[in-house]
Amino acid sequence: MQRPETLERLRRYPVELLVIGGGIIGARIAFEAARRGLSVALVDAGDFGGGTSSASSKLVHGGFRYLPMGDIALVRQSQRERTVLLESVAPNLVRSMPFLLPAYRGAAKGPGAIAAGILLYKSLAGRGGRAALISPATARRLVPPLRPDGLRMCGVFEEAETIDARLVLATVKAAARAGALVLNHARVTGLDLRHNRGGAVAIHADPGGSLEVHARHVMNAAGPWVDQVRRLDDATASPLVRLSKGIHLLLPLEDEWRAGVALPLGDGRVSLGIPWQGMLMLGTTDTLFTGDPSRVEVTPSDARTVLEEASGFLPRELLAPGRVKFQIAGLRALPAGNGDVADARRDHVVDVSRYGLVSVAGGKLTTHRLIALHALSRVRDDRLTLLVPDSSRLPGTGWSPRIAGAGLDADVADHLERLYGDEAGRVLDLTATMPDGLARIHPNGPDVWAQAAYAVESEWALTADDVARRRTTLSIRGLLNERIAARLAAIAYSRGRGAAGIGAAKDRRADTSDPARAAQGPGDDAVRAGSR
């Protein structure tokens, strides 16, 4: 359904459930409710997945990090959910990846602690919990640049990586196919839920203008903005969450990495090195954030911290600041409390206000299906009594038989199948209306111009940033320049028949005049979700 029709239906007809926040949890809530027959609307102040859900560590955890907390139930739950996502829900977007757990001389975790963790994980995790101890030589065959000096031993355990932004999009598509009305770039500006037959939600859509949506139930899944939405409902609401900032850096990937690396640090965190989308992603920090979520950013100090911590397992010459191509800052919503956020449990919280607003925040991407159902269980509707998560394949996942015979370069073919699954053929179809559709957008990357058209026509992209950051890999590879941004904005304008792309082009021109700013990208220093 096109944006004008969605806006018209929201103006004219009430819905049974309005979900605020189009991250992975909000999208899953919308899908699970819509497939059970509820009339559903999903709105997001920015782009779908534009907040925490696209600023993650790109991992579907098997639960290894929960072992020190003694949370065996969570390990087993994470294992089950990872298996379902890998094998059933999104097989092209979630892929197995072994992880090295090195023990260096003088490091926070010695060989004894590493060995104990590996053996415990192997005994508890069951299927999918493959873990072993390997020699330093074997470890370096998996990750060639792994620092050999002081490496005493190494563990290896199974994890999975994902393209988080596209997993969100696939879930939004599932919600839309189940009948949900979905609308991004639509900010909630007011809530009035004090009436027995439902409430009124004021929204400003850009483009689209202001509208009022009537909903019997309202779900607040706004991530870092969850408390801002709660205060629209009740100005006296006390904080439900506190925020932790995590940042990641993207660098060129040297050699062929066949595994990720997790180096334990002394404060309960780990330094991560992950081969992801042809880049090396390093992270992550875990620091309390008390400012405006829209203004979170990667500071020079943050970047230095990540690079310095990564030098614990990588040579310093690979970690020069000038090699950083892109920076991501994100906010984790943690249950309100005291103490260091690095030590805080990653539990989710669900709250129901005196006026009936259901708010959900926190948790992990791995268990997002279960979190969504927990939130839905607080909505009073007979169709939501027996809640079992749907395990069928999401749209745009799986594999496309058309890619093999399309005559594409190997890296382009693999890229399209990885991002679009069984919808890759629909991307190829656009070449009939776009003569250079299969031409690379940038010679150093696998994205092609047909992807930009597809993003606008079939994936709700309105701006150049929507296309470059969350529907292609242009931004993370550091390949977005003024010329490319201008054409992306033109495609967004012409194929979306709206003016949103023009402003994005102006913003991008300003950003690319400063190389450091361009590497970070507009909108990516301020993750967006829900209402603000």
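Listed highest first by mean packing, meaning other Cβ atoms within 10 Å per residue, what order do 4-13, 34-43 come in?
The packing order, highest mean first, is 34-43, 4-13.
Roughly how much of Met1 is accessible, in Å² to the nearest 10, using a 1.4 Å probe?
For Met1, the solvent-accessible surface is approximately 100 Å².
For Rg/Rh (Cα atoms, Kirkwood Rh), one of (1) 0.95; (2) 0.97; (3) 1.11 was computed from the structure I shared and the rest are decoys. Which label?
So the structure-derived entry is (1).
If you scale each eigenvalue of the Cα gyration tensor by 5 and take the root, what three semi-axes come out for region 358-509, rounded to whole angstrom and sorted largest first?
33, 21, 14
Provide the gained length on full extension for the span Arg402 to Asp347, in nm with one decimal, where the gain is 0.36 nm per separating residue minus the Cα-Cα distance.
Between Arg402 and Asp347, full extension yields an extra 15.6 nm.
Could you tell me the distance between the Cα centroids of region 12-78 and region 168-245, to the nearest Å?
14 Å
So how much slack lies between Arg487 and Ala410, counting 0.36 nm per residue of separation and subtracting their Cα-Cα distance, in nm?
Gain on stretching Arg487 to Ala410: 25.2 nm.
Using a 1.4 Å probe and counting only protein heavy atoms, arrange His185, His195 so the residue with the most accessible area comes first. Before the final figure, lay out each step's value.
On the way: His185 40, His195 110 Å².
Heavy-atom accessible area, descending, gives His195, His185.
Please express the Cα-Cα pair-distance distribution P(r) of region 42-158 as a list of whole percents, one per 10 Å bin, running from 0 to the bin with the greatest distance.
12, 35, 32, 15, 4, 0
Check cross-link reach from Lys109 to the lysines: straight Cα distance under 19 Å, and skip same-chain residues fewer than eight apart.
Of all the lysines, those that pass the test against Lys109 - Cα under 19 Å, at least 8 places apart if same chain - are Lys122.
Per the 1.4 Å probe, what fraction of the accessible area of the chain, in percent, lies on carbon and sulfur atoms? Working shown, then result.
Values: 10200 of 20310 Å².
After summing per-atom areas, the C and S share lands at 50 percent.
Compute the FRET efficiency between Arg140 and Asp234 as 1/(1 + (r/R0)^6), taking r as their Cβ-Cβ distance and R0 = 60 Å, and round to the nearest 0.05.
Efficiency, rounded to the nearest 0.05: 0.60.
To the nearest 500 deg cm²/dmol, what mean residue ellipticity at 222 nm is calculated for the chain from DSSP H runs of n ≥ 4 alone, each contributing -39,500 (n - 2.57), summed and divided by the residues?
-9000 deg cm²/dmol
Please sort by residue number the trypsin sites (Lys or Arg not before Pro) in region 255-299 whose DSSP state is loop and whose Cβ has at most 16 other Cβ atoms within 10 Å.
Passing sites in region 255-299 are Arg258.
The values are calculated or read from the model by the stated rules, or taken from the named source; none is laboratory data. Everything numeric in this text was worked out from a predicted model, so none of it was measured. Don't worry about glycine lacking a Cβ; one is built from the backbone with ideal geometry, like all the others, and counts go over all protein chains shown. Protein only, heavy atoms only, side chains kept; ligands, DNA and RNA dropped before computing areas. Shrake-Rupley method; radii C 1.70, N 1.55, O 1.52, S 1.80 Å.
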